[in-house]
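Novice: Could you have a look at this structure, given as structure tokens, before my questions?
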Amino acid sequence: MNKSITIGILSIQGDVEENVSAVQQSMDELNIEGNVIPIKDMSKIDMLDGLVIPGGESTVIGTLLFLDESQKEILRNKILNGLPVLGTCAGLIFLSKRAYDKRLGDTKQHLLELLDVTVERNAFGRQYESFENQLSVPAIGDDLFKGVFIRGPVITETGNDVEVLCRLEEKIVAVQQKNILATSFHPELADDYRFHKKLIELCLSYNESKSM
Ligand code: GLN
């Protein structure tokens, strides 16, 4: 049966276009019919089978989205009720329950407080602001994945429901908690869409469960 799914890209700030193309390309490669729509607020959230929260600057994304507190509650409840989401870099930070900056400490930023992890922002320090590394991520296959890190965070603590998908030199850089996938790096810049395809798989099951 041919299904059509709709995936939103939160387009408040950051790496929006690259994620739109990554999801489109993934749908093409998987031969899945679907739409990718940038969303700036929660007015279209009920149409979605999945969401990407892109990289950028997590403090800006949080501040702008939480100008209206009701937006936060709508988004939180949707994700709590199973909406699949992929958060990359700032997106990971924004989904997390606890975050602090390596240099500045607690920046009291707005977080969705859904992903049960503690995140250290800008964890790789100034000399390593941007770098690439070949990562082993068994959950997406045997081939190494090109991790593109841009002022990326690391996860320093995980709760019981959090599955670690990838470590870089002992540091946790990708996790899954049920319907939430999150990476410290930018999978939309890897020319390898296995993380976006993993999101699409979750979206197909979610779409199926909605129609039951
Ligand atoms: N350093 C940014 C933050 O803390 C994240 C950077 C990124 O998304 N590339 O929000």
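Every number in this text was worked out from the coordinates using simple rules, so none of it is lab data. What you are looking at is a predicted structure, and each value in this text was computed from that prediction instead of being measured. Here the Cβ positions follow ideal geometry from the backbone for every residue, glycine too, while neighbour counts run over all protein chains shown.
Novice: Rank 107, 59, 158 by mean-square fluctuation in a GNM of the chain with C-alpha springs under 10 angstrom and give only the top-ranked residue.
Specialist: Looking only at 107, 59, 158, the biggest GNM fluctuation is shown by 107.
Novice: Using helices alone, I'd like the mean residue ellipticity at 222 nm for the chain: each DSSP H run of four-plus residues gives -39500 (n - 2.57), total over residue count, nearest 500.
Specialist: Details: 5 runs with 58 residues, N = 212.
Value at 222 nm, helices only: -8500 deg cm²/dmol.
Novice: Is the C-alpha gyration tensor of the chain telling us rounded, prolate or oblate? Criteria: a/c under 1.5 is rounded; beyond that, a/b larger than b/c is prolate, otherwise oblate. Don't skip to the end; give the middle numbers.
Specialist: Numbers: a/c = 1.62, a/b = 1.20, b/c = 1.35.
It is oblate, given that a/c is not under 1.5 and a/b is not larger than b/c.
Novice: What does DSSP give for the chain in terms of the percent of beta bridges that are antiparallel, rounded to the nearest 5?
Specialist: So the antiparallel bridges amount to about 50 percent of the total.
Novice: Right, next: Name the GluC sites (Glu not before Pro) in the stretch 151-190 that are in a loop by DSSP and that have at most 10 other C-beta atoms within 10 Å, would you? Intermediate results must be reported in sequence, preceding the final value.
Specialist: Values: sites: 157, 163, 169, 170, 188; in loops: 169, 170.
Filter output for the stretch 151-190: 169, 170.
Novice: Which of these, 153, 54, 138, has the largest mean-square fluctuation under a Gaussian network model of the chain (Cα springs below 10 Å)?
Specialist: Ranking 153, 54, 138 by mean-square fluctuation puts 138 first.
Novice: Could you work out the relative contact order of the stretch 1-111? I mean the mean sequence separation of Cα pairs under 8 Å and 6+ apart, divided by the number of residues, in percent.
Specialist: Value for the stretch 1-111: 28 percent.
Novice: Under 5 Å between amide H atoms, partner at least 5 residues away or on a different chain: which partners does residue 40 have, H built in plane at 1.01 Å?
Specialist: So residue 40 has HN proximity to 11.
Novice: How big is the Cα convex hull of the stretch 146-212 in projection, averaged over all directions, in nm²?
Specialist: Orientation-averaged projected area of the Cα hull: 5.3 nm².
Novice: May I ask which of 78/178; 40/146; 97/198; 102/178; 97/210; 3/72 have a Cα-Cα span longer than 18 Å here? Don't skip to the end; give the middle numbers.
Specialist: Values: 78/178 14 Å; 40/146 29 Å; 97/198 23 Å; 102/178 28 Å; 97/210 27 Å; 3/72 29 Å.
Where the Cα-Cα span goes over 18 Å, the pairs concerned are 40/146; 97/198; 102/178; 97/210; 3/72.
Novice: With an 8 Å Cα cut-off and a minimum separation of 6 or more residues, compute the relative contact order for the chain in percent.
Specialist: Details: 456 pairs, mean separation 43.5, N = 212.
This gives 20 percent for the chain.
Novice: Give me 203, 166 sorted ascending by neighbouring Cβ count inside 10 Å, so fewest comes first.
Specialist: Values: 203 27, 166 20.
The fewest-first ordering by Cβ neighbours comes to 166, 203.
Novice: List 193, 100 from most exposed to least, where exposure is judged by having the fewest other Cβ atoms within 10 Å. List each step's numbers first, then the result.
Specialist: Values: 193 23, 100 17.
Exposure proxy ranking, most exposed first: 100, 193.
Novice: Kindly put 202, 189 in sequence by how many other C-beta atoms sit within 10 Å of each C-beta, fewest to most. Numbers along the way, then the final one.
Specialist: Working: 202 21, 189 18.
Fewest-to-most Cβ neighbours within 10 Å comes out as 189, 202.
Novice: By its C-alpha gyration tensor, with a ≥ b ≥ c as the square roots of the eigenvalues, how is the stretch 84-152 shaped: rounded for a/c under 1.5, else prolate for a/b larger than b/c, else oblate?
Specialist: On the way: a/c = 2.79, a/b = 1.32, b/c = 2.12.
Oblate is the answer for the stretch 84-152, as a/c is 1.5 or above yet b/c matches or exceeds a/b.
Novice: For the chain, with a Gaussian network of springs between Cα atoms less than 10 Å apart, report the residue from 80, 165, 104 with the top mean-square fluctuation.
Specialist: 104
Novice: Follow-up. Is there a quick way to get the dipole size of the chain? I mean about its Cα centre, with the Cβ of Lys and Arg at +1 and of Asp and Glu at -1; what is the value in debye to the nearest 20? Don't skip to the answer; put the middle values down first.
Specialist: Working: 22 positive and 32 negative charges, 96 e Å.
Charge dipole of the chain: 460 debye, to the nearest 20.
Novice: Expected output is a single nm value to one decimal: the length gained when fully extending between residue 208 and residue 60, i.e. 0.36 nm times separation in residues minus the C-alpha distance. What is it? Working shown, then result.
Specialist: On the way: separation 148, 0.36 × 148 = 53.28 nm, distance 3.42 nm.
The residue 208-residue 60 span can extend by a further 49.9 nm.
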